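Engineer: Quick one: the structure is below, questions incoming.
The values are calculated or read from the model by the stated rules, or taken from the named source; none is laboratory data. None of these values were measured; they are calculated from a predicted model. Don't worry about glycine lacking a Cβ; one is built from the backbone with ideal geometry, like all the others, and counts go over all protein chains shown. The area values use the complete protein model at the heavy-atom level, side chains included, leaving out ligands, DNA and RNA. Shrake-Rupley method; radii C 1.70, N 1.55, O 1.52, S 1.80 Å.
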Amino acid sequence: MKTKLIAPSLLSADFGNLQRDIEMLNRSQADWFHVDVMDGRFVPNISFGFPVMKTVQQHAKKFVDVHLMIVEPEKYVEEFIELGADLVSVHYEACVHLHRTIHQIQSKGAKAGVVLNPATPVLMLEDIIADVDLVLLMSVNPGFGGQRFIENTYKKISETKDLILSNSSTALIQVDGGVTLDNASKLFEAGADVLVAGHSVFSSQDPERTIELLKF
Ligand code: DX5
Ligand code: ZN
């Protein structure tokens, strides 16, 4: 599955026309649906929860990637999987028992990802890298769409790649935040497998074309 994947973030979709935006993504060259769940505690913003996830389940025809920016994610991961999540990612900073939560997700039949905030070093993943299906590197501080990309992410991609190789891990590397047409190809070249893009897709004149361009 090592390839250039684009995961548009529904956080920047038009919630008055969510079905329309999901159908646009079904038609487009987008690979995954990225679903950003925020609780107003782990991050300083509240996005949406299960009712929106149900709408995604009804209409999305592609892989659904749920990014939980919430405290105590272990309480909710199973319900997200029941509502169609193919992958659930939890923050390193939000999990007291990360190993248990990763295996809880996988035991319910979904892929499990671990997320690092910009200030959390990659070396914190040394003892979990062999267990995870994906590492999500935040390239902005989580909580809002449309923020500026943090350049230190390139260094973290290369450190994550080294960690993956030295542990014979099959984890994918995902980058989330501030991804645009200006940095997408550079991020893929640096070793990212999956790029999340919210603002740059949904605020563009032609989102389908933007998704296509993000891949090349
Ligand atoms: C940020 C979210 C991101 C965000 C990306 O907290 O996790 O997925 O929606 O948005 P852009 O691409 O607008 O930076
Ligand atoms: Zn996200």
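Engineer: Going by a ≥ b ≥ c, the root eigenvalues of the Cα gyration tensor, does the range 5-214 fall in the rounded group (a/c under 1.5), the prolate group (a/b larger than b/c) or the oblate group?
Structural biologist: Numbers: a/c = 1.57, a/b = 1.15, b/c = 1.36.
Since a/c reaches 1.5 but b/c is at least a/b, the shape of the range 5-214 is classed as oblate.
Engineer: Per residue, what accessible area does the chain have, given a 1.4 Å probe and all protein chains present, in Å²? Let's see the in-between values first.
Structural biologist: Details: 9810 Å² over 216 residues.
Value for the chain: 45 Å² per residue.
Engineer: Any chance you could run the full-extension gain for Lys61 through Glu151? It's 0.36 nm times the residue separation minus the Cα-Cα distance, nm to one decimal.
Structural biologist: Details: separation 90, 0.36 × 90 = 32.40 nm, distance 3.32 nm.
So the extension gain works out to 29.1 nm.
Engineer: Just reorder Ser204, Ser158, Ser9, Ser166 by solvent-accessible area, largest first, 1.4 Å probe, all chains present.
Structural biologist: Per-residue accessible area, sorted high to low, gives Ser166, Ser158, Ser204, Ser9.
Engineer: Could you work out which residue, out of Lys186, Lys75, Lys111, moves most in a Gaussian network model of the chain, that is, has the largest mean-square fluctuation with Cα springs under 10 Å?
Structural biologist: Taking springs between Cα atoms under 10 Å, the residue moving most is Lys75.
Engineer: Give me a comma-separated list of calculated 3J(HN,Hα) values for the range 75-82, in order, Karplus coefficients 6.51, -1.76, 1.60 applied at θ = phi - 60°, integers in Hz, x for any Gly or Pro.
Structural biologist: Ordered by residue, 3J(HN,Hα) equals 6, 10, 4, 5, 5, 5, 5, 4 Hz.
Engineer: Sticking with this one: I'd like the Karplus ³J(HN,Hα) series for the range 52-69: coefficients 6.51, -1.76, 1.60, θ = phi - 60°, whole numbers in Hz, and an x wherever there's a Gly or Pro.
Structural biologist: In residue order, the calculated couplings are 5, 4, 5, 5, 4, 4, 5, 10, 6, 10, 10, 3, 10, 10, 9, 9, 8, 9 Hz.
Engineer: Ordered by residue, what ³J(HN,Hα) values in Hz, to whole numbers, does the range 186-198 give under the Karplus form 6.51 cos²θ - 1.76 cosθ + 1.60, where θ = phi - 60° and Gly and Pro are x?
Structural biologist: 5, 5, 5, 4, 6, x, 5, 9, 9, 10, 8, 9, x
Engineer: How much of the accessible area of the range 119-216, in percent, comes from carbon and sulfur atoms when a 1.4 Å probe is used?
Structural biologist: 49 percent
Engineer: While we're looking at this one, here's another question. Using 0.36 nm per residue of separation minus the Cα-Cα distance, give me the extension gain between Lys186 and Arg41 in nm, one decimal.
Structural biologist: Stretched fully, the Lys186-Arg41 segment lengthens by 48.9 nm.
Engineer: Compute the FRET efficiency between Asn167 and Gln19 as 1/(1 + (r/R0)^6), taking r as their Cβ-Cβ distance and R0 = 35 Å, and round to the nearest 0.05. Mind showing how you got there, number by number?
Structural biologist: Values: r = 42 Å, r/R0 = 1.19.
Computed FRET efficiency for Asn167 and Gln19 comes out at 0.25.
Engineer: OK, next. Could you give the length gained on full extension between Ser203 and Val71, defined as 0.36 nm per residue of separation minus the Cα-Cα distance, in nm?
Structural biologist: 44.6 nm
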